[in-house]
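One structure below.
The values are calculated or read from the model by the stated rules, or taken from the named source; none is laboratory data. Small disclaimer: the values here were computed from a predicted structure and weren't measured. In this analysis, Cβ positions are derived from the backbone assuming ideal geometry, glycine residues included, and neighbour counts consider all displayed protein chains. Heads up: the accessible areas ignore ligands, DNA and RNA and are worked out on the full protein's heavy atoms, side chains in. Shrake-Rupley method; radii C 1.70, N 1.55, O 1.52, S 1.80 Å.
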Amino acid sequence: MTDREFMKRALKLAEKGVGHTAPNPMVGAVIVKDGRIIGEGYHERCGSLHAERNALKHCTESPEGATIYVTLEPCCHHGKQPPCVDALIEAGIGKVVVGSPDPNPLVAGKGIRILREHGIEVVEGVLREECDALNEVFLHYITTHRPFVAAKYAMSLDGKIAAYTGASRWISGEASRRHAHTLRNRYAAILVGVGTVLADDPMLNCRIEDGKDPVRVICDSGLRTPADSRVVATAGEIPTILATCVEDPDRQAPYLEKGCQVLCCSEKSGHVDLEDLLEKLGRQEIDSVLVEGGSRIHWSMMEAGLVQRVYTYIAPKVIGGREAPSPVGGRGFPEPDLGPPLKIREIRRIGEDILVESEVIRDVHGDRGRDRDN
């Protein structure tokens, strides 16, 4: 097997940590000696052994002189776990093959330098594009200190997310709805505007086997979330944040009593300043946010240039109607070229629907007014 093939195996291992390592990266490691895999491991969850130490722990023979393939530069600082470079040096590893460099200022090339200073050969950049893509959330968060933001919506073939009556169940098929729950498992938080809570009274949880419920964030400038809504009633079971501009302790009290966190944010144009909200979520080590609606909150995020990824489920049906809402509401951009251009990463069939996954390739900022669902 080649370096690329061993790194592909490390990537497969790293993916097993999806949804459980945040705000740490997903990392996989494979230890090879005389062409044979003698140990492998991955970072299973935040606070547990890092991939390198996990692989060393599972070695079937001495790793002295062996080569380790690791998807991310080994750490060299003390966090919840001791430095991985120390473990590799102590184990007598002879060569380290790295996928992605770690932009964390506590690492940022220092891990590789320490290994080389101890006479260990280091090869960099093997399958770097794939390794970077695996940890796009971590790479964004560690460099910006803000959550990676993904917008997700389901629409009909003619671009509607509901009928003119407001009825929206169900636009997409069952297979797409199941897949959407894998996104809730992947992202650390899910964000909706209060309008979605008022209209649908959703649970916003993850309904897949062994899935992890995301932190629920309700963008609610005026604290209009009903105290008997399902998200409030279950706040003791699933972390729930109400992002608001209301500082009145008496108005906050009913939510606090039921276990919600009330997060006061700066006000902008009469609503929660979304940039301030993301800054505050980042400080709570929430590294990623899945925005599920409604159309106004999608517009506010897009118009402010805060979205990095877009998931679009397209159902083979036509709804029609001038009053039927589209996925991104608000005023819209005054000219087509002012909207955020997207690069399509993947198109695939899910049941009878099509999923288009896109990335925003540049930010769009401006002083245009906002029409928010909060």
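Please give the calculated 222 nm ellipticity per residue for the chain, where each DSSP H segment of at least 4 residues contributes -39500 (n - 2.57) and the sum is spread over every residue; nearest 500 deg cm²/dmol? Please report the intermediate quantities before stating the final value.
Working: 12 runs with 103 residues, N = 374.
Computed mean residue ellipticity for the chain: -7500 deg cm²/dmol.
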How big is the charge dipole of the chain about its Cα centre, in debye rounded to the nearest 20, if each Lys and Arg gets +1 on its Cβ and each Asp and Glu gets -1 on its Cβ?
-> 620 debye
Which of Arg128, Arg186, Arg216 fluctuates most in a GNM of the chain (C-alpha springs under 10 Å)? That residue is Arg128
Highest GNM mean-square fluctuation among Glu352, Glu209, Glu174, for the chain with Cα springs under 10 Å, belongs to Glu209
Which of Val360, Val27, Val217 fluctuates most in a GNM of the chain (C-alpha springs under 10 Å)? That residue is Val360
Taking a probe of 1.4 Å and leaving out DNA, RNA and ligands, region 233-298 shows per residue an accessible area in Å² of 44 Å²
With the other protein chains left in place, how much accessible area per residue, in square angstrom, belongs to region 86-227 at a 1.4 angstrom probe?
-> 43 Å²
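Over the residues of the chain, compute the C-alpha Rg and express it relative to 2.2 N^0.38 Å.
Values: Rg = 22.7 Å, N = 374, 2.2 N^0.38 = 20.9 Å.
The reported ratio for this selection is 1.09.
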Taking Cα atoms, the helix 3-14 axis meets the longest principal axis of the chain at an angle in degrees (rounded to 10) of 50 degrees
Overall form of region 1-129 per C-alpha gyration tensor (a/c, 1.5; a/b vs b/c) | rounded
Normalised by the residues of the chain, what does the relative contact order come to in percent, with Cα pairs under 8 Å and at least six apart?
-> 15 percent
Identify, among Ile161, Phe148, Asn104, the residue whose Cα sits farthest towards the positive end of the charge dipole of region 100-176, taking +1 on the Cβ of Lys and Arg and -1 on the Cβ of Asp and Glu, with the dipole about the Cα centre.
-> Ile161
Any idea what angle helix 274-283 forms with the longest principal axis of the chain, computed on alpha-carbon atoms, 0 to 90 degrees, nearest 10?
-> 40 degrees
Between Glu117 and Thr143, what is the label-to-label distance in nm when each label sits 7 Å out along the Cα-to-Cβ direction?
-> 2.6 nm
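Rounded to a whole number, what % of the accessible area of the chain do carbon and sulfur atoms account for, probe 1.4 Å?
That share works out to 47 percent.
Nearest-5 percent of antiparallel DSSP beta bridges in the chain? Each step should come with its number before you reach the end.
On the way: 26 of 62 bridges.
Bridges in the chain that DSSP calls antiparallel: roughly 40 percent.
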Send over the Kirkwood Rh of region 173-298, from the inverse of the averaged 1/r over different Cα pairs, rounded to one decimal Å.
-> 14.7 Å
